[in-house]
Amino acid sequence: MVVCPDKFAGTMTAEQAAQAIADGWRTGDPSATLTVLPQADGGPGFLDAVEAGVGGRLVAVATVDPFGRPVTAGVLLVGDTAYIESAQACGRGLLDAGELDPLRASSYGVGLLLAAAVETGARTVVVGLGGSATNDGGAGALAALGAAPVDRAGLTLPYGALALRDVVGLNARPRLRPVNLVAAVDVVNPLTGPAGATAVYGPQKGLGPAQAPVLDDALTRYAQALRQLPGAPADLAARPGGGAAGGLGAALLALGARVESGATLVRTLTGLDDAVSFADLVVTGEGSLDQQSASGKVVSGVAAAARAAGVPCLALAGRVSLGATGLDALGLVAAYGLVDEPGGPDQAMIRPGPALRALAARVATGWAGVGNGQTSASVGWIKQRR
């Protein structure tokens, strides 16, 4: 059996969630043999998952959070490749709930982190994208690289997404040594439009309904400014993955990056597909299992790998918003939510680890009770439990 969840955003890292599931499963089925491989999708936990999979040397880098306060982030060096995690410089996890402000939050710290990664001499830099508190399209990151957005008078604009209403161009080309850039994205949303960064993810960052059209228009203007960079795609605003991390994906695309699924990359580096091929069950999970789970998130990738190997896959989540049809579409035979367990949402937030262990133990007991590894019987039992 393989245990391979993503983080439970705001409550548990992927490693903590994986350990809780494994501990609970062993309680419910002491005979189970478990392989524990925490996953990530480019967002928080990306660097930890990559390091667990391939090792490397972690270098501490001084940078700043979305409001310019000092923080320390990491650059993971593996051969001639450097890995960084944008959430370590612009993530929601760096802020208190009351601080969320996508109008002002800046990705400047990611630019500092990217520059540090390039200056290690790496030939390839992989940027994990996801979990951001920003909506500035990577404008702050480019400013840190010497390419700040400017208005018609040539004046440098303030940091944050709102100021991009007045953008007409950049004051210079980004100062960055030649390097192969990879944007490891957690979602495939474009920069703008009804499926874009602002419309879909802005509310998670504190954006009000009346503000969304204003910021989406600002990012449309900003995309036009980015197209001035040599090699920037003509359809930048519509490119899949450009909306990742509040539009940071679009800035990387303008710098010549290629887009890859962060979840697929981590699956490969951790050897998940090989582990799944020898398993009789796969257990994954995340904080909220919903419609967005199919847009490049860990659960969808894990379920796809399990389906390809003919192995049943179930999910344990903080909250499950999908019905039977949605679960089938993802490739899951079942999903269980912590908020539906005794104690409900309070326990899920206050004591998420013990709650997840208890849920895993209950599910494991039922699984072991139908034959402990006999796939057909187990799948039938799980479908009945939906």
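Looking across the range 276-319, the residues that are in contact with a Gly (Cβ under 7 Å, 6 or more places away or on another chain) and surrounded by fewer than 23 Cβ atoms within 10 Å (Cβ to Cβ) come down to D280, G287, S288, A304, R307, R319. Among the residues of the range 301-352 satisfying the criterion of being modelled with pLDDT of 90 or more and polar (S, T, N, Q), which is nearest to A18 (Cα to Cα)? Step by step, filter the range 301-352, then rank; the result is S321.
Restricting to the range 266-291, name every residue that is free of Cβ contacts under 8 Å to residues at least 40 places away in the same chain and outside any helix (DSSP H, G or I). Those that are free of Cβ contacts under 8 Å to residues at least 40 places away in the same chain and outside any helix (DSSP H, G or I): F278, D290.
Looking at A234, A223, A218, just one residue is surrounded by fewer than 24 Cβ atoms within 10 Å (Cβ to Cβ) and not in a strand (DSSP E or B), and that residue is A234.
In this structure, does T198 turn out to be crowded, with 18+ Cβ neighbours inside 10 Å, at pLDDT 95 or above, assigned by TED's automatic domain parsing to the domain that holds A147 and part of a loop (DSSP other than H, G, I, E, B)? Steps first, please.
Details: crowded, with 18+ Cβ neighbours inside 10 Å: yes; at pLDDT 95 or above: yes; assigned by TED's automatic domain parsing to the domain that holds A147: yes; part of a loop (DSSP other than H, G, I, E, B): no.
Considered against the rule, which asks whether it is crowded, with 18+ Cβ neighbours inside 10 Å, at pLDDT 95 or above, assigned by TED's automatic domain parsing to the domain that holds A147 and part of a loop (DSSP other than H, G, I, E, B), T198 comes out as no.
Can you tell me which residue is surrounded by the most Cβ atoms within 10 Å (Cβ to Cβ) among those in the range 48-59 that are in contact with a helix residue (DSSP H, G or I) (Cβ under 7 Å, 6 or more places away or on another chain) and touching a residue at least 40 places away in the same chain (Cβ under 8 Å)? So the residue we want is A49. Does P190 satisfy the criteria of being of a type outside the set (K, R), under 19 Å from A257 (Cβ atoms) and part of a loop (DSSP other than H, G, I, E, B)? Yes.
Assess whether T81 counts as being hydroxyl-bearing (S, T, Y), buried (at least 17 other Cβ atoms within 10 Å of the Cβ) and in the same structural domain as G241 (by TED's automatic domain parsing). It is true that T81 is hydroxyl-bearing (S, T, Y), buried (at least 17 other Cβ atoms within 10 Å of the Cβ) and in the same structural domain as G241 (by TED's automatic domain parsing).
For L164, the stated conditions hold: it is under 21 Å from A232 (Cβ atoms), part of a helix (DSSP H, G or I), in the same structural domain as D235 (by TED's automatic domain parsing) and of a type outside the set (V, I, T). Tell me yes or no: at least one residue of the range 359-368 is modelled with pLDDT under 90, polar (S, T, N, Q) and in a helix (DSSP H, G or I). Taking every residue of the range 359-368 in turn, none turns out to be modelled with pLDDT under 90, polar (S, T, N, Q) and in a helix (DSSP H, G or I). Only one entry in A122, A62 is modelled with pLDDT of 95 or more, crowded, with 20+ Cβ neighbours inside 10 Å and not basic (K, R), namely A122. Taken over the range 201-215, residues that are closer than 16 Å to G131 by Cβ and surrounded by fewer than 18 Cβ atoms within 10 Å (Cβ to Cβ) amount to 2.
Results for (1) within 14 Å of A143 (Cβ to Cβ); (2) of a type outside the set (V, I, T); (3) within 20 Å of the chain's Cα centre (by Cα), shown as yes or no for each residue.
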residue	(1), (2), (3)
Q88	no, yes, yes
G98	no, yes, no
L103	no, yes, no
L113	yes, yes, yes
A122	no, yes, no
V126	no, no, yes
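When the strands (runs of 3 or more DSSP E) confined to the range 1-105 are screened for residues that are within 30 Å of T124 (Cβ to Cβ) and aromatic (F, W, Y), those reaching at least 1 such residues are found at 81-85.
The values are calculated or read from the model by the stated rules, or taken from the named source; none is laboratory data. Values in this document were obtained by computation on a predicted structure and should not be read as measured data. Note that each Cβ is placed from the backbone with ideal geometry, even for glycine, and that neighbours are counted across all protein chains shown.
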